[in-house]
Amino acid sequence: MKKLSIAIVGLLAVVMVFAGNARVIGAQESKSAETTLKNNIDAVLEILENPDLDEQQKKEKIEDIVDPIFDYQLMAMLSLGRQNWSRLSPDQQQTFTNRFVKRLKASYFDKISMYSKDLKTQMNYKPAQTSGSKVRIPVEVNAKEEKVNLVYKFYQSDAGWQIYDVEINGVSIIQSYRSQFNQVLSRGTVEDLLEELKQPAEPQSTQ
Amino acid sequence: MAREKLRLAFCLFAVLAAGLFCFAEPVAAQSMGIVPDARDKNGSAPENQESEGEFDQFEAFEDFEEFDQPGQKKVYDPLSGYNRAMTTFNDKFYFWVLKPAATGYAWVAPQPVRTSVHRFFRHWGYPVRVINNLLQLKGEPAADETIRFAFNSTVGLLGFFDPAKNWLDLEPHREDFGQTLGSYGVGDGFPLVLPFFGPSNVRDSIAMVPDLFLYPLDYLGNIYVAAGLTAYERLNYASLHLGEYEKLKKDSLDWYIFLRNAYQQNREQAIKE
């Protein structure tokens, strides 16, 4: 379980930019997806390693880079699942998405602060796997004695290739949230869920 | 000492094995998709649906059905009460015992030393790894592991260092008996949280027993020595990963569910490989 966290460090260190406007179809596209991924990971790492920027500036710059590539709306929906999503009114859906995305981003930036050059992280890009209109790009992150396997899942959206899920050592973010949301909704109401999401993720030292 | 251990192991094995075989069937049913049908919502969805401009919600769910199978599966968790309680126990143990101890230890012992200790303990997991790789008919990983063991035992000074990885580019291939059983189709039973060890399931818990016999460091003394070594190994590991537990927990809405689900996904992945 603690390994998961190193994985998340790797994940966030590896957040990529996708200024994707690839309109080529098929294998060529997944190739271009891979190259763009690499380029953009480098761009993000550059920001992280830049000594002239403070934490807040890094946060903002990275957010600018990251926002276009992650399909947050889709991730919010998928993490609830069809059955639960349709239980929400449009207003609730909006609130849910806002809070979910906020939480997602907060979690990212929190983990990203754990990244440092000292980790001597090495990224190994594995061959992308295409299935239908989706591409899975595995990235192996080697940091010191730990190895973390990430998989970025892309799909073709109107805005180009976007990420809809990330797997860390086989654990999908969407699945992980889905199981938790299911639990909350099976025990309580939608309002309960929205309430829980509202609370900023606070460090729980004892509890 | 060996006899004591054997007796204890046998009793544990027998009890849990009985449990496993009783529950293997519901798991099989579960994995065959006997699950509340979420698709019924298909009919009513258009009524709730608002055209979101560029976004056709309906289509989105259709295109991403990969999340529907395992995600919608109702997890069979008959011991959820106990599991939650044990999770809380482990949580308190972490914050009240393990974390302070590991922090103190990290303050005293330099990080390269602790990393070497980690490598040492990992090194002696070789018999478990090689045998389970062989049982899963994974010849090449087993060969890799053997070369790693030979090389690291000598050049790597009994495993404190890992020249096999740095010079020969050979990675460890982690396998354990739980994965072996899983790869042969043995269902996981149901979630079971172990004291100190954390989330597990019936199959993986039982499978720990045979692996225990394959761990050379357990034979160094009596059962207390073995337990002490395990505790030290855990302390050392924790000292290398301070802060991670808290961060993961912070992100979760339901920590128990997060752990249960993450463990399950992680194991499924490990078995598949």
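The values are calculated or read from the model by the stated rules, or taken from the named source; none is laboratory data. Fair warning: this is a prediction, and the values are worked out from it, not measured in the lab. For neighbour counting, all protein chains shown are included, and Cβ atoms are generated from backbone atoms with ideal geometry for every residue, glycine included. SASA here: full protein model, heavy atoms, side chains in, ligands and nucleic acids out. Shrake-Rupley method; radii C 1.70, N 1.55, O 1.52, S 1.80 Å.
So the values come out like this:
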{"quantity": "All positions within the range B:210-239 that are assigned to a helix (DSSP H, G or I) and either under 23 Å from residue A:108 (Cβ atoms) or among the hydroxyl-bearing types (Ser, Thr, Tyr) (or both)", "calculated": "B:219, B:224, B:230, B:232, B:237, B:239"}
{"quantity": "Failed item, numbered, when residue A:158 is tested on (1) farther than 27 Å from residue A:32 by Cα; (2) at pLDDT 80 or above", "calculated": "(1)"}
{"quantity": "Residue among A:61, A:111 that is modelled with pLDDT of 80 or more and assigned to a helix (DSSP H, G or I)", "calculated": "A:61"}
{"quantity": "Filter result for the condition that a residue is open to solvent by 30 Å² or more (accessible area, probe 1.4 Å) and touching a helix residue (DSSP H, G or I) at 6+ places or on another chain (Cβ under 9 Å), over B:103, B:87", "calculated": "B:103"}
{"quantity": "Residue match in the range A:36-50 (condition: at pLDDT 85 or above, more than 20 Å from residue A:174 (Cα to Cα), open to solvent by less than 60 Å² (accessible area, probe 1.4 Å) and of a type in the set (Ser, Thr, Tyr))", "calculated": "no"}
{"quantity": "Condition met for residue B:129 (touching a helix residue (DSSP H, G or I) at 6+ places or on another chain (Cβ under 9 Å), open to solvent by less than 30 Å² (accessible area, probe 1.4 Å) and charged (D, E, K, R))", "calculated": "yes"}
{"quantity": "Filter result for residue B:218 (acidic (Asp, Glu) and at pLDDT below 95)", "calculated": "yes"}
{"quantity": "Residue list for the range A:148-204, filter: within 30 Å of residue A:30 (Cβ to Cβ), assigned to a helix (DSSP H, G or I), out of contact with any Ser or Thr (no Cβ under 6 Å at 6 or more places or on another chain) and at the interface with chain B (Cβ under 7 Å from one of its Cβ atoms)", "calculated": "A:175, A:176, A:179"}
{"quantity": "Residues located in the range B:227-266, provided they are under 14 Å from the mean Cα position of the chain (by Cα), within 8 Å of chain A (Cβ to nearest Cβ) and open to solvent by 30 Å² or more (accessible area, probe 1.4 Å)", "calculated": "B:260, B:263, B:266"}
{"quantity": "Odd one out for residue B:157, checked against (1) on the phi > 0 side of the Ramachandran plot; (2) buried (at least 18 other Cβ atoms within 10 Å of the Cβ)", "calculated": "(2)"}
{"quantity": "Failed item in (1) crowded, with 22+ Cβ neighbours inside 10 Å; (2) closer than 18 Å to residue A:35 by Cα, with residue A:168 passing the rest", "calculated": "(2)"}
{"quantity": "Any hit, the range B:190-212, residues being open to solvent by 40 Å² or more (accessible area, probe 1.4 Å) and among the hydroxyl-bearing types (Ser, Thr, Tyr)", "calculated": "no"}
{"quantity": "Test result for residue B:269, within 12 Å of the chain's Cα centre (by Cα) and either more than 9 Å from chain A (Cβ to nearest Cβ) or without any contact (Cβ under 8 Å) to a residue 40 or more places away in the chain (or both)", "calculated": "yes"}
{"quantity": "Some residue of the range B:159-166 being of a type in the set (Phe, Trp, Tyr) and assigned to a helix (DSSP H, G or I)", "calculated": "no"}
